[in-house]
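Worksheet for the structure shown next.
The values are calculated or read from the model by the stated rules, or taken from the named source; none is laboratory data. Computed from a prediction, not measured in an experiment: that's the story for all the values here. Neighbour counts are summed over all protein chains in view; Cβ atoms, including those assigned to glycine, are modelled from backbone coordinates with ideal geometry. SASA here: full protein model, heavy atoms, side chains in, ligands and nucleic acids out. Shrake-Rupley method; radii C 1.70, N 1.55, O 1.52, S 1.80 Å.
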Amino acid sequence: MIGRDVLVVGAGIGGLATACCLAQRGARVRVLEQAKEIRAFGAGLQISPNGMATLAGLGVADQIAALSPRAEAVYLRDFRKGAVVARVPLSRQGRPYHYVHRADLVEILANRARDLGVEITLGAAVTGVEGGDVILANGQRDSADVIVGADGLHSRIRTHLEPLGHPFFTGQIAWRAVIDAQDGDNLRDVQVFMGPARHMVIYPLRGGRLINIVAVEEQDQWVKESWSEPGDPAQLVARFGDFSKEARAYLGRVAECYQWGLFRHPVARVWHNGQLALVGDAAHPTLPFLAQGANMALEDAWILAACLADNPNQSEALSRYEAMRRPRCARIVQAASDNAEHYHMRPGLLRVAAHTGLRLISRHAPHMLTQRFEWIYGFDPTRP
């Protein structure tokens, strides 16, 4: 990639990781970000081994580990009593799994990008594409040998490659909040409280100093698709008022929360045109029920850079990238959609049978629970 000029649109996790991967291989990389500062909403991320592989390849895995102790397991719990239904091991065979504050990961990637010589321009909103140029809100034009669309859910780059598909409301809304930890919390791993038509996920951030909360409920209608829609903490407590005493205790400490409707978007059919290419949510928006959105973007970043570096024919390299990424990402997106059904089972014989089966497997063959997602966590994008 030495001497190749690359323009990345978007300075989120996918854009910054892509910039780092390309610059590390010798490309001249510039990033355009519409915000006036690089920032991220206060929310937690789960970075599984497949995502950590890219961070290790970029030389920042130790920084992640210093901020967040390695995760060990997910505990699936009954919503009302809080009793453990199953323990799903995470860090198998020495592969790291971490809970990371989104803002921390963005800052680490931005610093690494600058160390690699990446030029980041803030306040540069891309409004469209014309010919081989991106058009900025101030009327200026910019171009490069490769233009990477890492501009998220409503990507201008994707719109140029294909008409955006019509998302549909899944019938679910999510609440999110971050609270300060208190003495006695002793929260070390993910806790998932599973209830009828609802579930709640909590896990520690920044070495246990913060606690991330995501609560999902089924609802008939929703209009706005936004991560920053303010919510009412009292309403959040009321919606999950029949959950266990432990779950309610965390909710009762929420002073500020946000909510957003969960929409299902189609995976892009066209990922490149020989010059433009998509990564992250611009290519494959996903629901949060497998915690793989950021991990897929990290995988995209490494593999896109590898394909471009390995083949001087740019169009062939981008076709190879799409061929490697699209089937896997589509499978993960579908699996995430399916996972919500497992959390939201209604009372009845099916729920009793499912939870009984989980308890038996967790007690006698816990490796079976881990193997279910081995195809996700066992993938290492940095290996040939």
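Counting other Cβ atoms within 10 Å, which trypsin sites (Lys or Arg not before Pro) in the range 167-255 have at most 12 and lie in a DSSP loop?
Working: sites: Arg176, Arg188, Arg198, Arg206, Arg209, Lys224, Arg239, Lys245, Arg248, Arg253; in loops: Arg188, Arg209, Lys224, Arg253.
Answer in residue order: Arg209, Lys224.
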### Query
Against the longest alpha carbon principal axis of the chain, how many degrees, from 0 to 90 and to the nearest 10, is the axis of helix 349-364 turned?
80 degrees
#### Entry: Estimated distance in nm for a label pair at Leu360 and Arg372, the labels positioned 7 Å out from Cα along Cα-to-Cβ
1.5 nm
#### Entry: Solvent-accessible surface (1.4 angstrom probe) belonging to Ser143, in square angstrom, nearest 10
40 Å²
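With the contact rule set at Cα under 8 Å and sequence spacing of 6 or more, what percent relative contact order holds for the chain?
Taking the mean separation of contacting Cα pairs over the length of the chain, I get 23 percent.
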### Message
Just the number please: accessible area per residue for the range 20-85, 1.4 Å probe, all protein chains included, in Å².
### Response
43 Å²
## Note on the structure
With DSSP loop assignment and no more than 11 other C-beta atoms within 10 Å, the GluC sites (Glu not before Pro) in the range 37-136 are Glu37
## Note on the structure
Computed over the range 201-260, the relative contact order (Cα-Cα under 8 Å, seq sep at least six) in percent reads 34 percent
### Sulfur and carbon atoms: percent of accessible area, the range 296-384 [1.4 Å]
57 percent
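Can you give the Rg to Rh ratio for the range 1-157, taking only C-alpha atoms and Rh from Kirkwood?
The Rg/Rh ratio comes out at 1.08.
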### Query
Helix 293-310 versus the longest principal axis of the chain: what is the Cα-based angle in degrees, 0 to 90, to the nearest 10?
30 degrees
### Message
Out of the total accessible area of the range 1-147 (probe 1.4 Å, heavy atoms of protein only), what percent is carbon and sulfur?
### Response
45 percent
### Message
I want the antiparallel fraction of DSSP beta bridges within the chain, as a percent rounded to 5.
### Response
70 percent
### Task
Please give the per residue accessible area of the range 87-167, computed with a probe of 1.4 Å over protein heavy atoms only, in Å².
45 Å²
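For the range 317-384, state the semi-axes of the equivalent ellipsoid (square roots of 5 times the eigenvalues of the alpha-carbon gyration tensor), sorted largest first and rounded to whole angstrom.
The equivalent ellipsoid of the range 317-384 has semi-axes of 33, 17, 5 Å.
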### Task
Hey, can you find the accessible area per residue of the range 315-384 for me, probe 1.4 Å, expressed in square angstrom?
59 Å²
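In whole Å, what three semi-axes, largest first, describe the equivalent ellipsoid of the range 102-215 built from its Cα gyration tensor (square root of 5 times each eigenvalue)? Write out the running numbers ahead of the final one.
Details: eigenvalues 288, 104, 21 Å².
Ellipsoid half-lengths, sorted descending, are 38, 23, 10 Å.
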